[in-house]
Amino acid sequence: GNSVTQMEGPVTLSEEAFLTINCTYTATGYPSLFWYVQYPGEGLQLLLKATKADDKGSNKGFEATYRKETTSFHLEKGSVQVSDSAVYFCALSELQGAQKLVFGQGTRLTINP
Amino acid sequence: GAGVSQSPSNKVTEKGKDVELRCDPISGHTALYWYRQRLGQGLEFLIYFQGNSAPDKSGLPSDRFSAERTGESVSTLTIQRTQQEDSAVYLCASSRRASVTSNEQFFGPGTRLTVL
């Protein structure tokens, strides 16, 4: 079946550091790929998405590129801020039926000033 | 407009009791999903409603779990004879299902269920 594997946390960085959170997937066909973020005390929010190979999703300084050849969708940011502290989830959307989201286990990111 | 809302935000119950969780989707969203998030884990799909079609119940973990949705509005998730392993955050999401590549799901704040 479809699955998503993402970098285990927690991840702790200093402000202005470079961030990479790895995400790889296993799927039939070419699903849409997503990064969701859950800030402390808030609900899950869509951060960015990509719907086909080589697409780059971007938002709030975060980027991720849909790599078909490596089945990956790594999240990157050049200079993180304290306000980026949150839990990040990589997910894929199945193409058939319910198009349910299949999530990775989440990566908790803490940015220290 | 308003986002997805869920109630209650927190529910503490005793083992063996029944609980009912409610979800109000975004107006005009035809698709509605329930997910479960256990502590330290990702979200697990439970059930999906699309318009008046038969729901996809493939993610329900046992027959103690059931859900209903009236048309394209409110949905309720019912857990009968709750067990401690049912403790989790239950999340509802809705989407417009405009196309296969545009199925962005919007999540509610969740209901945190604790079974003692």
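Just one residue in the set B:Ser94, B:Ser62, B:Ser73 is modelled with pLDDT of 90 or more, away from chain A (no Cβ under 12 Å) and closer than 23 Å to A:Gly43 by Cβ; that residue is B:Ser94.
Among the candidates A:Tyr36, A:Tyr30, which residue alone is within 11 Å of chain B (Cβ to nearest Cβ), among the aromatic types (Phe, Trp, Tyr) and assigned to a loop (DSSP other than H, G, I, E, B)? Every option except A:Tyr30 fails the conditions.
For the stretch B:29-40, the criterion of being of a type in the set (A, V, I, L, M, F, W, C), within 21 Å of B:Glu85 (Cα to Cα) and in a strand (DSSP E or B) is met by at least one residue. List the pairs whose first member sits in the stretch B:96-116 and is within 30 Å of B:Gly16 (Cβ to Cβ), whose second member is modelled with pLDDT under 70, and whose Cβ atoms are under 7 Å apart, counting only residues at least 6 apart or on separate chains? If the second residue must be modelled with pLDDT under 70, no pairs are left. In the stretch B:43-90, counting only strands (runs of 3 or more DSSP E) that sit wholly within it, the ones holding 1 or more residues that are β-branched (Val, Ile, Thr) and within 10 Å of the chain's Cα centre (by Cα) span B:43-50, B:75-79.
What are the residues in the stretch B:6-50 that are at pLDDT below 95 and on the phi > 0 side of the Ramachandran plot, if any? Within the stretch B:6-50, B:Gly28, B:Gly40 qualify. Restricting attention to the stretch B:41-59 and to residues that are farther than 17 Å from B:Ala88 by Cα and charged (D, E, K, R), the residue that is nearest to the other protein chains (Cβ to nearest Cβ) turns out to be B:Asp56.
For (1) within 15 Å of B:Pro109 (Cβ to Cβ); (2) surrounded by 13 or more Cβ atoms within 10 Å (Cβ to Cβ), each residue gets a yes or a no:
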residue	(1), (2)
B:Ser5	yes, yes
B:Lys11	yes, yes
B:Cys23	yes, yes
B:Gln41	no, yes
B:Phe45	no, yes
B:Phe49	no, yes
B:Asn52	no, no
B:Ser62	no, no
B:Ala67	no, yes
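Are any residues in the stretch A:11-32 modelled with pLDDT under 95 and closer than 29 Å to B:Val4 by Cα, and if so, which ones? Once the filter is applied, which keeps residues that are modelled with pLDDT under 95 and closer than 29 Å to B:Val4 by Cα, the stretch A:11-32 yields A:Ala27, A:Tyr30, A:Pro31, A:Ser32. Applying the set (1) surrounded by 13 or more Cβ atoms within 10 Å (Cβ to Cβ); (2) closer than 26 Å to B:Gly108 by Cα to A:Pro10 leaves exactly one unmet item: (1).
Of the numbered criteria (1) free of Cβ contacts under 8 Å to residues at least 12 places away in the same chain; (2) within 12 Å of the chain's Cα centre (by Cα); (3) in a loop (DSSP other than H, G, I, E, B), the one A:Gln45 fails is (3).
Tallying residues that are away from every other protein chain (no Cβ under 14 Å), surrounded by fewer than 20 Cβ atoms within 10 Å (Cβ to Cβ) and either free of Cβ contacts under 8 Å to residues at least 40 places away in the same chain or not aliphatic (A, V, I, L, M) (or both) within the stretch A:78-113 yields 8.
The values are calculated or read from the model by the stated rules, or taken from the named source; none is laboratory data. Just so it is clear, the model here is predicted, and its values are computed rather than measured. FYI the Cβ positions are ideal-geometry reconstructions off the backbone, even for glycines, and counts take in every protein chain you see.
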